[in-house]
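Participant: Handing you a structure now.
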């Protein structure tokens, strides 16, 4: 027994940690690649309503977002508290939606246009009036695939 | 030469792991893996301008009228209804198969007509959309289980299409109206 222990203690070098950075870098690159930084700063506060019958959205690159909600606190002084539309990085009027859809389409391949979806990220407190207006504009722009953004959850 | 080589020690790479960990933790924290979810719908195309409004010949029994007013109350087929009953109401309407005189002839012909006011809250609208979608999903699941022994979502594309043919989801939204008088 004693011989055994002696032997062991003598031939126990420290585990080499030289490859530890490599492993960590591998993980790091994975997260760097998968991370999607938020592209737009939200000027409107949006808490989407809950729903149970939800579907995952496919092909994020083909989705254009329309945000609807009341302006965030620091914007309320200049824009008030009533529900507004945000397209990309600015407030917009209902009339600008057709233009927005047109520019979104220009950036895409012609084959992909029928698969383009418009996601309505609307706050649960907004009234249907503004939503209906947007839907009418989308119909005029022939962007018929829409998606009401919701959270998963029971009522 | 020899002395110079001895005077250039190897850079200690021991702290490299720490730096990498720091970056790793930063990206771990900032990464949001949330997938966008929602209720997908298709809008009807805009009617042609020169096209006269045609009176569609749909039997009244095949239309399930759901109205939501500006104070978020439901009027279903002319009667007030609580949102909790809507799912079962829609299911019995769709899956009537001509048994009751006032409900649909068969699921294929059944159309749900949804109409909301400009003052309806978005939350209520989504809730109604959700209940109607749930009614269809439950019926489809039932059909899928009895026909293929699997849930609708687990079926392959061809079988799903077959189920969809039995229960086509027809939710029609009327041209917007302003009944409540507020915008």
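The values are calculated or read from the model by the stated rules, or taken from the named source; none is laboratory data. Every value quoted in this text rests on a predicted model; they were computed, and no experiment measured them. Note: ideal-geometry Cβ built from the backbone for every residue, glycine included; neighbour counts use all protein chains shown.
Participant: Hand me the list of strands (runs of 3 or more DSSP E) wholly inside segment B:50-136 holding 1 or more residues that are within 11 Å of another protein chain (Cβ to nearest Cβ) and within 24 Å of residue A:122 (Cα to Cα).
Facilitator: Ranges flagged: B:63-68, B:111-116.
Participant: State all residues of segment A:98-126 that are under 19 Å from residue B:44 (Cβ atoms) and more than 11 Å from chain B (Cβ to nearest Cβ); if no residue qualifies, say none.
Facilitator: Answer for segment A:98-126, where residues must be under 19 Å from residue B:44 (Cβ atoms) and more than 11 Å from chain B (Cβ to nearest Cβ): A:98, A:101, A:113, A:114, A:115, A:116.
For (1) within 13 Å of chain B (Cβ to nearest Cβ); (2) part of a strand (DSSP E or B); (3) without any contact (Cβ under 8 Å) to a residue 60 or more places away in the chain, each residue gets a yes or a no:
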{"site": "A:22", "(1), (2), (3)": "yes, no, yes"}
{"site": "A:27", "(1), (2), (3)": "yes, no, yes"}
{"site": "A:40", "(1), (2), (3)": "no, no, yes"}
{"site": "A:47", "(1), (2), (3)": "yes, no, no"}
{"site": "A:68", "(1), (2), (3)": "yes, yes, no"}
{"site": "A:78", "(1), (2), (3)": "no, no, yes"}
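Participant: Then there is this: Examine segment A:93-110 for a residue that is in contact with a helix residue (DSSP H, G or I) (Cβ under 7 Å, 6 or more places away or on another chain), within 30 Å of residue B:84 (Cα to Cα) and at pLDDT 85 or above, and state whether such a residue exists.
Facilitator: No.
Participant: Another question about this same structure. Before we move on, is residue A:94 without any contact (Cβ under 8 Å) to a residue 60 or more places away in the chain and within 7 Å of chain B (Cβ to nearest Cβ)?
Facilitator: no
Participant: If you don't mind, there's one more thing I want to ask. Quick check on my filter: what residues within segment A:139-155 are in contact with a strand residue (DSSP E or B) (Cβ under 6 Å, 6 or more places away or on another chain) and either more than 7 Å from chain B (Cβ to nearest Cβ) or part of a helix (DSSP H, G or I) (or both)?
Facilitator: Of everything in segment A:139-155, those that are in contact with a strand residue (DSSP E or B) (Cβ under 6 Å, 6 or more places away or on another chain) and either more than 7 Å from chain B (Cβ to nearest Cβ) or part of a helix (DSSP H, G or I) (or both) turn out to be A:143, A:151, A:153.
Let's see how each residue does on (1) at pLDDT below 90; (2) more than 7 Å from chain B (Cβ to nearest Cβ); (3) crowded, with 18+ Cβ neighbours inside 10 Å; (4) touching a helix residue (DSSP H, G or I) at 6+ places or on another chain (Cβ under 7 Å):
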| site | (1), (2), (3), (4) |
| --- | --- |
| A:50 | yes, yes, no, no |
| A:73 | yes, yes, no, no |
| A:83 | yes, yes, yes, yes |
| A:128 | yes, no, yes, yes |
| A:132 | yes, no, yes, no |
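Participant: Moving on. Tell me yes or no: at least one residue of segment B:95-105 is closer than 24 Å to residue A:48 by Cβ and surrounded by 13 or more Cβ atoms within 10 Å (Cβ to Cβ).
Facilitator: no
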